[in-house]
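Asker: Supplied in structure tokens, the structure appears directly below.
The values are calculated or read from the model by the stated rules, or taken from the named source; none is laboratory data. What you see is a predicted model, and the numbers here were worked out from it, not measured in a lab. Note that each Cβ is placed from the backbone with ideal geometry, even for glycine, and that neighbours are counted across all protein chains shown.
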Amino acid sequence: MTAVLIVGGGPVGLMTALGLARAGVPVTVLEAEDDIVYSPRAISYAWPILAGLNHFGVLDDMIAAGHTIDERCWRIFKTGETIVYNHDAVRDVTDRPYNLTLGQDLLAKVVLQHLKRYTDVTIHWGTKFTGLTQTSSNVVVTAERAGAPVECVADWVVAADGGRSAVRKAVGLTMDGFTWPQRFVVTNIYFDFEKYGWNSGYLVDPIYGAVVYKINLDGLWRFTFAEDTTNPLETVSERIPEFINTVLPGDKKYELALHTAYNMHQRTAATYRVGRVLLAGDAAHITNPTSGFGLMGGIYDSFALSEALAAVVHEKAGDEILDRYSESRRKIYLEVTSPISTESLRLVFHSGDQDRLNKDLALLRNRKNDPEAMRKFLSVPAALETPSLITGRTLAHRAAA
Ligand SMILES: Cc1cc2nc3c(=O)[nH]c(=O)nc-3n(C[C@H](O)[C@H](O)[C@H](O)COP(=O)(O)OP(=O)(O)OC[C@H]3O[C@@H](n4cnc5c(N)ncnc54)[C@H](O)[C@@H]3O)c2cc1C
């Protein structure tokens, strides 16, 4: 019997476990794989979320494991124009005017190290959730480990098992929304972008649009482009050289370290709470990753959920707080995460309407000369946060207190 059982030892599951452990709640995590999974997905976290990571005690180790960046650019493929933003406009509102760059597997590893300090946290690797039944007083979870059935009983279950969440399906929820007719082709490449004046950011073009991001200080960059899903998935590797060779500057001598492809969706579950089961991260909502809001949204789920659930476990709040968790996080997905990510995708990958592009670029250029507009723009990711469901305070305010 455990107070909280978390299904999924990805970044959101582990971060939720840490929040609960810090609040003195016994936690068990079931993870299907034998270790933290490497997948070339989230790498960028905007400055507003750093206050929360600091509050959880993990920020310094994350910065040590990754790197910070001040600048981000929009490069227009056809004209070569480059619009570069830095964090100057938020220097007076934060001590951390930069984005953190860190692969999500490395982020999860930092969290795992911190979890080892808590004796009331148990992680069962290689254990795949298979089903659950719940009553008004607990949840019985079934799983499979090394081919043998396992059973766990918990007061509460958190589904943090990703976009294909088996827990979400087990409680009868579907993901409503749509799937884009394009897929993202993700490549990790060695290429000296900085030699040619490229920063981390976006290449804007209706055909050659891409997200270009420095992964680490060893010369490895993420280069992600989009293609129609009508192209056969099996032959994606054959299309990579042509695409990259068309857009790379200079000698174009790059080394492909890895590639993969993802379908993109704007989808969310109808509720993030069914009785004693709570949804968080990609299990609850998925977005195209152009703005890098997917995992940030999931981490903000962890912050809000772990605090609210700990209060319920310690009988300091009634369980209706968990309904408020669901309502708040879903509203933020629908009103912030999804529309902003959709707008970013439109600008970077679907800029075929020249009038619209001219307006978009004028806005990007003008903002550079307007510190207040720039501050507002750089602060948009702060809207992904649900202030404490107990005190109403944001993590930035709690850190400052
Ligand atoms: C190309 C790309 C780039 C991205 N870039 C960014 C970015 O820069 N910034 C950002 O914020 N977001 C980004 N995202 C989104 C981000 O990757 C996801 O939002 C994030 O992985 C969600 O984390 P999670 O822990 O909810 O789910 P996952 O990372 O999917 O983890 C789920 C875990 O559950 C486990 N699991 C699954 N099924 C079971 C089961 N039955 N039993 C037990 N365990 C199970 C899995 O093995 C896994 O470890 C990007 C996504 C893509 C595709």
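Asker: For the range 60-76, enumerate the residues that are outside any strand (DSSP E or B) and either free of Cβ contacts under 8 Å to residues at least 40 places away in the same chain or touching a Ser or Thr at 6+ places or on another chain (Cβ under 9 Å) (or both).
Answerer: ASP60, ILE63, ALA64, GLY66, ASP70, GLU71
Asker: What are the residues in the range 135-192 that are touching a Gly at 6+ places or on another chain (Cβ under 9 Å), outside any strand (DSSP E or B) and of a type in the set (D, E, K, R), if any?
Answerer: Within the range 135-192, ASP161, ASP192 meet the criteria.
Asker: Is the range 31-38 home to any residue that is hydroxyl-bearing (Ser, Thr, Tyr), assigned to a loop (DSSP other than H, G, I, E, B), closer than 28 Å to TYR202 by Cβ and more than 15 Å from the ligand (Cβ to nearest atom)?
Answerer: No, there is no match, as no residue in the range 31-38 is hydroxyl-bearing (Ser, Thr, Tyr), assigned to a loop (DSSP other than H, G, I, E, B), closer than 28 Å to TYR202 by Cβ and more than 15 Å from the ligand (Cβ to nearest atom).
Asker: With the structure loaded, tell me whether SER388 is at pLDDT 95 or above and part of a helix (DSSP H, G or I) or whether it fails that test. Lay out the reasoning, then the answer.
Answerer: Numbers: at pLDDT 95 or above: yes; part of a helix (DSSP H, G or I): no.
Judged against the criteria, SER388 is not a match.
Asker: Another one. Looking at the range 191-210, which of its residues are over 24 Å from ALA46 (Cα atoms) and among the aromatic types (Phe, Trp, Tyr)?
Answerer: Correct list: PHE191, TYR196, TYR208.
Asker: Looking at the range 170-181 only, could you name the residues that are surrounded by 20 or more Cβ atoms within 10 Å (Cβ to Cβ) and either free of Cβ contacts under 8 Å to residues at least 12 places away in the same chain or away from the ligand (no atom under 12 Å from the Cβ) (or both)?
Answerer: Matches in the range 170-181: VAL171, LEU173, MET175.
Asker: Restricting attention to the range 86-106, and to residues there that are part of a strand (DSSP E or B) and in contact with a helix residue (DSSP H, G or I) (Cβ under 8 Å, 6 or more places away or on another chain), which single residue is farthest from GLY10 (Cα to Cα)?
Answerer: Checked the range 86-106; the qualifying residue farthest from GLY10 (Cα to Cα) is ASN99.
Asker: To continue, here is another question. Do we have any residue at all in the range 348-367 that's surrounded by fewer than 15 Cβ atoms within 10 Å (Cβ to Cβ), of a type in the set (Asp, Glu) and under 24 Å from HIS55 (Cβ atoms)?
Answerer: Checking the range 348-367: not a single residue is surrounded by fewer than 15 Cβ atoms within 10 Å (Cβ to Cβ), of a type in the set (Asp, Glu) and under 24 Å from HIS55 (Cβ atoms).
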